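Okay, structure first, notes after.
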Amino acid sequence: MLSISDGKELVKLARQTVEDCFKDKKLTIKETKFKQKRGVFVSIHTFPDHRLRGCIGYSHPILTLGEALQKASFSAASQDTRFSPLIETELDNVVFEVSILTEPDLIEVKNPKEYLNKIEIGRDGLMIERNLHKGLLLPHVPLQFEPKWNVETFLEQTCIKSGLLPDMWLDPTTKIYKFQSQIFKEKIPSGEIIQT
């Protein structure tokens with residue numbers, strides 16, 4: 001678990017990385033104190049309507065947290081294919097959110113219906129792998145909908161995110177992992193940073 005002060009530092013670094021990329025026209029990875037390898041996602045949302053503007057990250061701890069965060073920040077702002085790249089004038093109208101992930105843990109079941117009792121909405125994120133298909137949804141995603149998703153809907157939506165049919169979570173060859181995350185985010189652009 002990271003401290004709130006570390007979380008605040010990471011959110012500031014995410015914003016600073018994107019601001020520096022506009023100035024320097026390239027990504028330059030800076031040394032940080034965050035040397036532990038961790039999975040991390042950076043999300044950028046419009047403010048005040050909180051629409052997703054970009055979200056990219058690393059599901060597995062393959063890079064140090066400092067490096068992964070800077071690369072994810074740059075990619076969320078410029079390389080999320082669902083959106084046009086962020087432009088510099090938008091920086092005052094977006095908020096940054098950082099999700100620090102635990103390592104994904106394979107959920108082992110004898111019958112796929114058992115997944116329904118092994119996943120907790122709001123606590124667990126999901127990652128699904130099947131052949132070349134792979135996708136992930138963060139733990140807080142099901143809570144953003146009204147009504148909030150149940151576990152079955154969460155599994156279906158993660159399948160869709162993975163490029164699969166919604167019911168492929170029932171296929172025994174589909175691998176499903178769960179993970180948790182710590183989330184830190186700006187309340188307003190460049191403003192107070194909180195843990196949620």
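Annotations
- Verdict on H60 being in a loop (DSSP other than H, G, I, E, B) and under 19 Å from Q182 (Cβ atoms): yes
- Looking only at residues of the range 1-33 that are under 18 Å from the mean Cα position of the chain (by Cα) and assigned to a loop (DSSP other than H, G, I, E, B), we find that the one that is surrounded by the fewest Cβ atoms within 10 Å (Cβ to Cβ) is M1.
- Residue match in the range 36-53 (condition: among the basic types (K, R), touching a residue at least 60 places away in the same chain (Cβ under 8 Å) and surrounded by 21 or more Cβ atoms within 10 Å (Cβ to Cβ)): yes
- Across the range 15-65, the number of residues qualifying as more than 11 Å from F96 (Cα to Cα), of a type in the set (G, A, S) and in contact with an Asp or Glu (Cβ under 8 Å, 6 or more places away or on another chain) comes to 1.
- When residues of the range 135-177 are limited to those that are farther than 17 Å from V109 by Cβ and of a type in the set (F, W, Y), the one surrounded by the most Cβ atoms within 10 Å (Cβ to Cβ): W149
- Checking each residue in the range 126-164 for being assigned to a helix (DSSP H, G or I) and of a type in the set (A, V, I, L, M, F, W, C) picks out V141, L143, V151, F154, L155, C159, I160.
- Looking only at the range 85-113, residues that are assigned to a loop (DSSP other than H, G, I, E, B) and surrounded by fewer than 11 Cβ atoms within 10 Å (Cβ to Cβ) come to 5 in all.
- Test: residue in the range 109-127 that is more than 20 Å from the chain's Cα centre (by Cα), in the same structural domain as K175 (by TED's automatic domain parsing) and β-branched (V, I, T): yes
- Scanning the range 165-191 for residues that are part of a loop (DSSP other than H, G, I, E, B) and in contact with a helix residue (DSSP H, G or I) (Cβ under 9 Å, 6 or more places away or on another chain) gives L165, D171, P172, T174, P189, S190.
- Residues (under 17 Å from P48 (Cα atoms) and among the aliphatic types (A, V, I, L, M)) located in the range 157-196: I188, I193, I194
- Any hit, the range 65-82, residues being assigned by TED's automatic domain parsing to the domain that holds K8, among the hydrophobic types (A, V, I, L, M, F, W, C) and not in a helix (DSSP H, G or I): no
- Some residue of the range 19-31 being under 25 Å from I188 (Cα atoms) and of a type in the set (S, T, N, Q): no
- Residue list for the range 54-79, filter: farther than 20 Å from P104 by Cβ and surrounded by fewer than 19 Cβ atoms within 10 Å (Cβ to Cβ): S78, Q79
The values are calculated or read from the model by the stated rules, or taken from the named source; none is laboratory data. For clarity, every value in this text was computed on a predicted model and none was experimentally measured. Neighbour counts are summed over all protein chains in view; Cβ atoms, including those assigned to glycine, are modelled from backbone coordinates with ideal geometry.
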